[in-house]
Structure formats: C-alpha cells, structure tokens
1. Test each condition in (1) open to solvent by less than 40 Å² (accessible area, probe 1.4 Å); (2) part of a loop (DSSP other than H, G, I, E, B) for Leu273 and report the one that comes out false.
2. Give me the residue from region 192-218 that is surrounded by 11 or more Cβ atoms within 10 Å (Cβ to Cβ) and in contact (Cβ under 8 Å) with a residue 60 or more places away in the chain and, out of that set, farthest from Pro282 (Cα to Cα).
3. Please list, ordered by first then second residue, the pairs with beta carbon atoms under 7 Å, 6 or more apart or interchain, first in region 151-175 and at positive phi, second surrounded by fewer than 17 Cβ atoms within 10 Å (Cβ to Cβ).
4. Could you grab the pairs with beta carbons closer than 6 Å, sequence gap of 6+ or different chains, first residue in region 239-252 and open to solvent by less than 20 Å² (accessible area, probe 1.4 Å), second one part of a helix (DSSP H, G or I) and among the charged types (D, E, K, R)?
5. Answer yes or no as to whether Pro189 is closer than 20 Å to Gly121 by Cβ and surrounded by fewer than 16 Cβ atoms within 10 Å (Cβ to Cβ).
6. Among (1) over 30 Å from Ile152 (Cβ atoms); (2) part of a helix (DSSP H, G or I); (3) in contact with a helix residue (DSSP H, G or I) (Cβ under 6 Å, 6 or more places away or on another chain), where does Asn258 come up short?
7. Counting only residues that are touching a helix residue (DSSP H, G or I) at 6+ places or on another chain (Cβ under 7 Å), part of a helix (DSSP H, G or I) and closer than 25 Å to Leu206 by Cα, which one in region 99-128 is most open to solvent (accessible area, probe 1.4 Å)?
Amino acid sequence: MKNSKDDGHRPPASFIIGAVALLFLIIGYQAALFIHKASVARLIANHDSPDTVYITTPGNRSEMHYSSHSPEAQDIRRANTPRKYENFRFDPNTAGIDELMRLGFSEKQAKSIDNYRKKGGRFRRKSDFARSYVVADTVYERLEKYIDIPLIDINKADSATFETLPGIGKFFAARMVSYREELGGYTYPEQLMDIWHFDEEKYEGLKDLITLSPPEPYQLWTLPESILARHPYIGKEAAHGIVLYRDNFPSEEWTVSNLIKEGLLDPDKGSKLERCRIAPPPAEDN
C-alpha cells in the first residue's frame, strides 16, 4: 500500500522527459544565440581586414593572397552595425552600398538605388537624385552640396557615354564621335549643332551636362590639300585655294580672316573656322 501511495505523487515519466528536453532546448537556443552574436561581432570587427588565402605554387612555396569578404558576410555586417551618417562628396551614379549607407541611407534604400543603376538608370542632374522615391527631402537638403556628378567631356567621351545624355540615341552618339574626328576636336560646344538634325532644342537639353577639354590645334597652315579638304568648314575647293594662298602670300598674312576677305572661304563656315583652335603659321627661315 505504501508503494502505491508514493507512486501517486511522482510525476509521470513523460513529464520528466519533456522537462529535460525543454531545458536542453533552452540551453541550445542560448548557446546558438551566443555563437551568432559572437560571429556577427567578429564580422563587424574584421570588416576592414580581407580574408587571407594561402596558395601553394610550383616548388611548394606558399603565397599569401587576400580576397574580399563574401556578399553574405557584408550583408550581416551592414544589418548589425549601428547606423551613423557622414557628409562627403559623392557621385550617386557610382557610390557603393557602403558609401550610401555612410551618407545616411538604410541598407534597403541603398540597395534600391543600386538596383536602379544596375537596370540602366542614371542620375544626370542633382534634381534627378532628389526625385528618387528613397531620397527624402530632408536627406537631399543635407546632401545636395556634396553631390558631384561629373560633366561629360565631349572631346573624350565614347559613343556609349554620349548615349547617357538626354535625347541622344545610338545615331547621334555615333555622329558626335565621327564629327569630332572630322573637326580634329570640338573647340566650343555649340559645334554639336552642326550635326544634321541636332537642333537647338536638343542642345539646350544637355548643354549643362557637358564640358570639353581643349583640342589639339588644327594645323591649317601646314596640312596638305587632301587633308584640308576633309574639314567640315573647308571642303575641296577652299582647300585648294588655301594651298595657293600659302604659296603666294607671306606667313605674317596667314589668318582665317584674310582667307575670308580673299573669298577663299565661305563667310559662314569661315567664321566657324575662325573660332576653332588653329595652330600659328610656322616661322619663316631667314
């Protein structure tokens, strides 16, 4: 009878097993949480140190190489690093996710900007960046003076770069490059309007986005007739006249304005040529 009474107060075996399992589950969860926090802390602490990889080369020599952290590791670090913001000059077309986060954007916002660029999007002007749905007005007001979008140098850009300009497709981009070659380099940006169908409206839409570096001086007074004839402002007939002029007049009289006065150049084209960067006449031998 005594044994029977004691058995009535003892917890069932299933309860004991369940309690022990729950205890181990709690301990395991706490251990996993600790390991996770420690791993995250290590990733954050070492984010400036690249992973080290040892490579064995012929001769059994080990060479030490560095590789960048995996995208997964970078995501963990970003998600667990306290957000702070800085102000510094940046190009919204090239700034990386980390740079954007340093500027005050959340990881989600930074990735949204990056995805927009990967899909072919481009911020041509500061106002384009302001219109992005992830850029709050207060953030833009803080960053506006730090936005640095480089102008496109029309004497250096390739056709792919020209295509990023508003209103410029493959046709005009190719013509902008070929016309530059015909001129020997743009001297002033309005020369773009010499291109067929490149009207003032198109020019006004992009003039604030371009610049130009000085071209090499055009060798008007030394180039042979066949080369002169290829220039858009000269042509075959004027090229022949220029060569005759050089043969019959002293070099101190070699000016574009004199070519126009002599009727060797069309006044309209001559005035355009006069604005170009022309190399001075060669000095005469005494």
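The values are calculated or read from the model by the stated rules, or taken from the named source; none is laboratory data. Please read these numbers as outputs of a predicted model, since none were measured by experiment. When we count neighbours, we look across all protein chains shown, and the Cβ atoms used for this are built from the backbone with ideal geometry, even at glycine. When the accessible area is computed, the model is the full protein with side chains, heavy atoms only, and any ligands, DNA or RNA have been set aside. Shrake-Rupley method; radii C 1.70, N 1.55, O 1.52, S 1.80 Å.
1. Condition not satisfied by Leu273: (2).
2. Within region 192-218, the match that is farthest from Pro282 (Cα to Cα) is Leu209.
3. Qualifying pairs under 7 Å: Gly167/Gly205.
4. Ala239/Glu225
5. no
6. (3)
7. The selected residue is Lys126.
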